[in-house]
């Protein structure tokens, strides 16, 4: 896909101006369709849109095309669907798996006349979404901050790692006042020494958590930082697989897991990570992908509403970021970042084919025996 | 802060962005394909077909100082406030038909209806209706402002390069004539509204900046991203 953003989304490792998700549409033998989405992030899972298409076409789809899909009528059966897609190798190809899993799940649920909220009942009747302030010029960031304040967002994540971090955070704290929950996300931009100093400096600004202070690397280094940190630490790029989670838990290297459906390989794997986190006393943040469409937002909403202990949620920006979204329903959050579980059939959104067509950068059609056209 | 001046400056910048856009210049200079001309007209028709309904909503929220002008706008759109007796939506249909777009008119009506529905069903971003109303007034006034400056140029382009006649282009003519006055009144209405509903200048400007985060003229008429770059 190539849906333009209303304004660019920038953090320390990337500057994004369009949604470049891969949307997967599956059809069963009765013509019922399901839609899934994966957002490739080379610097997280090593995926690009093209590598996702290749992996879907050459590995994932051929393994499922000829087989009967398991029915999914309960949360427990989500694991069967994950198994149906096959094993994965480490943290590679997570977004591809997520896209296919969600598409098949959407299809299977619609075939059964079910909503995803029936197999994964929400534990909360509303999710509160955070605003995310990107790492652009400070005056623009503050203007955006004023807009977020106006619409009642009271949980804000600040992208940092571009050199003016402390001044930026101070200015944003001053804008939002002492009551707002502020956290920062460095996307791995700081060195160990920089991170140590920043954590000390940020402690005076009542920061709720600091995300990915170091680049994904040895967990021992993160453990060392965590041991002396005055602020809670969130892992994002360091948390892609269950193996990552176990290592982080064993080393006591984090206070929060940022679990994102696309990054973590789909809904089932995300739920498992959330469960393991809670078991280990680690708090859960349900994250998102900048520029995700309504499909991934709906999956994220499902996850955020269902996890036992949700501390922060991100996503569901919809047309606040995308110039146009792909669903009939608006998935965007409302005033104060509030959004309710989506209880429609399947994942809860009705995808508009004409929007997919209008914004498709390329289309690959796969049949039972391989590619039909591209 | 002079709110009226701030708003006018913002509108002027966006109008300039629109008229400087390659697609607009191409249209004006006759370099646009007929297909793209059709797309422009279809988008324009879709954008304004439900203007009476939007104005009715704005009239319902109007501060006393603006009530008469918003009522007048609405009645003019409906064609029942002046001797012309022509509703502006019917002029848009006339535009579409004169340009050979009659076959797509039902689809444009459906899309305009859907756009209106979305306004009602989308989750509210603002805390109260008066902020939402201000946002809507901002966008309507922005279009009046733009049309008062560019309507004749657009009509001229379609007359010269597409051969559309005066009757087909009447919406532009009528709209440009009324919109000069409406544009000025519109800026005043925004100030009246902000004052009546106790918005301070900064809050009013924040709402306007949210509405105009992307260039609404580029987005709606050209059907492409109106994203502003840093």
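Read the figures in this text as sums done on the coordinates, not as results from a lab. As the structure is a computational prediction, the values presented were derived from the model and not from experiment. Here the Cβ is made from the backbone with ideal geometry for all residues, glycine too, and neighbour counts use every protein chain on show.
Could you let me know the centre-to-centre spacing of the stretch A:37-113 and the stretch A:313-373, using Cα atoms, in angstrom?
When both Cα centres are located, 17 Å separates them.
Give me the percent of DSSP beta bridges within chain A that run antiparallel, rounded to the nearest 5.
On the way: 18 of 43 bridges.
Within chain A, antiparallel bridges account for around 40 percent of the total.
By its C-alpha gyration tensor, with a ≥ b ≥ c as the square roots of the eigenvalues, how is the stretch A:121-339 shaped: rounded for a/c under 1.5, else prolate for a/b larger than b/c, else oblate? Spell out each step's value before the answer.
Working: a/c = 1.77, a/b = 1.07, b/c = 1.65.
Oblate.
How would the stretch B:42-161 be classified by its alpha-carbon gyration tensor: rounded, prolate or oblate, with rounded meaning a/c under 1.5 and the a/b versus b/c comparison settling the rest? Provide the component values of the computation, followed by the final result.
Details: a/c = 1.86, a/b = 1.42, b/c = 1.31.
Prolate is the answer for the stretch B:42-161, as a/c is 1.5 or above and a/b outweighs b/c.
Starting from a Cα-only point model with no solvent, please compute log10 I(q)/I(0) by Debye for the stretch A:192-307 at q = 0.11 1/Å.
Each listed q corresponds, in turn, to -0.35.
Quickly rank B:125-133, A:102-110, A:292-300 as a protection proxy: mean count of other C-beta atoms within 10 Å, highest first.
Ranking, from highest mean packing down: A:292-300, A:102-110, B:125-133.
Per DSSP helix of 4 or more residues, -39500 (n - 2.57); summed, then divided by the residues of chain A. What does that give at 222 nm, rounded to the nearest 500?
Working: 13 runs with 132 residues, N = 374.
Calculated at 222 nm, the ellipticity per residue is -10500 deg cm²/dmol.
Would you please put A:176-184, A:252-260 in order of how densely packed they are, using the mean number of other Cβ atoms within 10 angstrom per residue and starting with the highest? If you can, show how the numbers build up before the last one.
Values: A:176-184: 17.6, A:252-260: 24.6.
Final packing ranking: A:252-260, A:176-184.
Can you check how the C-alpha radius of gyration of the stretch A:263-374 compares to 2.2 N^0.38 Å, as a plain ratio?
Numbers: Rg = 16.0 Å, N = 112, 2.2 N^0.38 = 13.2 Å.
Compared with the compact-globule rule of thumb, the stretch A:263-374 sits at 1.21.
Measure of size requested: the Rg and Dmax of the protein assembly as shown, with Cα atoms as the atom set and Å as the unit; please supply both.
For the protein assembly as shown, the Cα radius of gyration and maximum Cα-Cα distance read 25.8, 82 Å.
Return the inverse of the average 1/r over all pairs of distinct C-alpha atoms in the stretch A:278-335, which is the Kirkwood hydrodynamic radius, in Å to one decimal.
Working: mean 1/r = 0.0833 Å⁻¹.
Evaluated on the stretch A:278-335, it is 12.0 Å.
Could I have the simple spin-label model distance between residue A:50 and residue B:117, label points 7 Å from Cα toward Cβ, reported in nm to one decimal?
According to this spin-label approximation, the distance is 4.1 nm.
From other protein chains only, count the Cβ atoms within 10 Å of every residue's Cβ in A:16-25, then give the mean.
Values: counts 0, 4, 2, 0, 0, 0, 0, 0, 0, 0.
Mean partner-chain Cβ count within 10 Å for A:16-25: 1.
Let me know the mean shielding of B:121-131 by other chains, meaning the per-residue number of their Cβ atoms within 10 Å of its Cβ. Walk me through the numbers before you get to the answer.
Working: counts 3, 7, 11, 4, 12, 5, 5, 1, 0, 0, 3.
Averaged over the peptide's residues, the number is 5.
What order, most packed first, do the peptides A:261-268, A:151-158 have when packing is the mean number of other Cβ atoms within 10 Å of each residue? Kindly include the intermediate steps, with their values, before the conclusion.
Details: A:261-268: 29.4, A:151-158: 21.6.
The most tightly packed comes first, giving A:261-268, A:151-158.
How large is the convex hull of the Cα atoms of the stretch B:3-222 per residue, expressed in Å³ as a whole number?
Numbers: hull volume 24.3 nm³, N = 220.
For the stretch B:3-222, the hull spanned by Cα atoms encloses 110 Å³ per residue.
What does the average come to when, for each residue of peptide A:1-7, you count the partner chain Cβ atoms lying within 10 Å of its Cβ?
Values: counts 0, 0, 1, 6, 3, 7, 6.
That average works out to 3.
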